[in-house]
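The values are calculated or read from the model by the stated rules, or taken from the named source; none is laboratory data. Here the structure is a predicted model, which is why all the values come from computation and not from measurement. Cβ placement follows ideal geometry from the backbone for every residue including glycine, while neighbour counts extend to all protein chains displayed.
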Amino acid sequence: MVGGSSQLDALADVRRPDPPRLQPDQPTHYRTFRNTERQIVNRTLHFLDESGFYWGPLPVDQAHTMLAAEPVGTFLVRDSTQANHLFSLSVRADKGPVSMRILFDKEHFWFNNACFDCIVKLLEYCVDSTKIKPFMFDCNISVVFCKPLRKQPIPKLQQLCRRSIIRHYGVERVRRLHLVTRLQTYIEEFPFKM
């Protein structure tokens with residue numbers, strides 16, 4: 001092979017760029033979750049997205065501005081800006097809007113000494129409990145939870161029907177109603193009365 005080796009030698013001398021280094025994912029302030037915790041957080045995020053009252057990365061001052069015009073007891077869920085919490089709860093109290101963090105620990109969401117494996121269950125508990133007696137927080141702030149502030153103020157008819165079915169029958173009895181699969185699936189996407 002005439003000239004073949006010099007061509008190969010020339011190719012060997014050509015510097016190829018190093019393969020691009022993989023950059024670590026963007027830093028996050030959330031800790032790494034174990035498998036069960038990840039499932040709980042993912043399920044909760046799904047339910048929060050379905051709820052209409054999860055506002056994502058809404059700044060606290062904007063949440064307070066929105067709630068200032070609402071009746072006492074109106075609340076919303078948003079992402080926490082504090083590194084060791086996932087979510088914050090903003091609610092319209094007597095003295096104006098306040099925000100509180102929801103703790104996620106031991107596979108449960110904690111708020112005011114109550115814990116559940118889903119924030120929506122926790123909020124249903126808050127609504128039911130404060131009908132009887134308001135929660136008291138720092139500086140004697142009295143807080144009640146009445147209704148969520150949804151992104152879409154007028155819900156779809158299907159959503160209203162789903163809430164009504166859950167309120168009337170409860171989640172466990174709905175599963176025994178022998179509904180068509182499509183309707184049963186829709187109800188289970190957000191099986192809460194709120």
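Which residue out of Val91, Val98, Val120 is aliphatic (A, V, I, L, M) and not in a strand (DSSP E or B)?
Answer to the selection: Val120.
Tell me yes or no: at least one residue of the range 68-78 is closer than 25 Å to Thr32 by Cα, in the same structural domain as Asn42 (by TED's automatic domain parsing) and not in a helix (DSSP H, G or I).
For the range 68-78, residues closer than 25 Å to Thr32 by Cα, in the same structural domain as Asn42 (by TED's automatic domain parsing) and not in a helix (DSSP H, G or I): present.
Going through the range 132-168 one residue at a time, which ones are free of Cβ contacts under 8 Å to residues at least 12 places away in the same chain and under 17 Å from Thr74 (Cα atoms)?
Correct list: Ile132, Lys133, Pro134, Met136, Pro153, Ile154.
May I ask you to list the residues in the range 62-109 that are over 12 Å from the mean Cα position of the chain (by Cα), farther than 17 Å from Asp138 by Cα and of a type in the set (S, T, N, Q)?
Passing the criteria: Gln62, Thr65, Thr74, Thr81, Gln82, Asn84.
Has the range 104-116 got at least one residue that is surrounded by 14 or more Cβ atoms within 10 Å (Cβ to Cβ) and among the aliphatic types (A, V, I, L, M)?
Yes, the range 104-116 contains a residue that is surrounded by 14 or more Cβ atoms within 10 Å (Cβ to Cβ) and among the aliphatic types (A, V, I, L, M).
Please go through the range 123-142 and pick out each residue that is surrounded by fewer than 19 Cβ atoms within 10 Å (Cβ to Cβ) and in a helix (DSSP H, G or I).
Correct list: Glu124, Tyr125, Val127, Asp128, Ser129, Thr130, Lys131, Ile132, Asp138, Cys139, Asn140.
Identify all residues within the range 109-131 that are closer than 15 Å to Val41 by Cα and free of Cβ contacts under 8 Å to residues at least 24 places away in the same chain; write none if there are none.
Trp110, Cys115, Phe116, Leu122
In this structure, is Asp128 under 18 Å from the mean Cα position of the chain (by Cα) and under 21 Å from Gly52 (Cα atoms)?
No, not satisfied.
Considering only the range 152-178, state which residues are surrounded by 12 or more Cβ atoms within 10 Å (Cβ to Cβ), of a type outside the set (A, V, I, L, M, F, W, C) and closer than 18 Å to Ser51 by Cβ.
Pro155, Gln159, Arg162, Arg163
Going by the conditions given, is Leu22 modelled with pLDDT of 90 or more and aliphatic (A, V, I, L, M)?
no
Report the residue count in the range 143-194 for those that are of a type in the set (S, T, N, Q), within 27 Å of Ala69 (Cβ to Cβ) and not in a loop (DSSP other than H, G, I, E, B).
Total meeting the criteria: 1.
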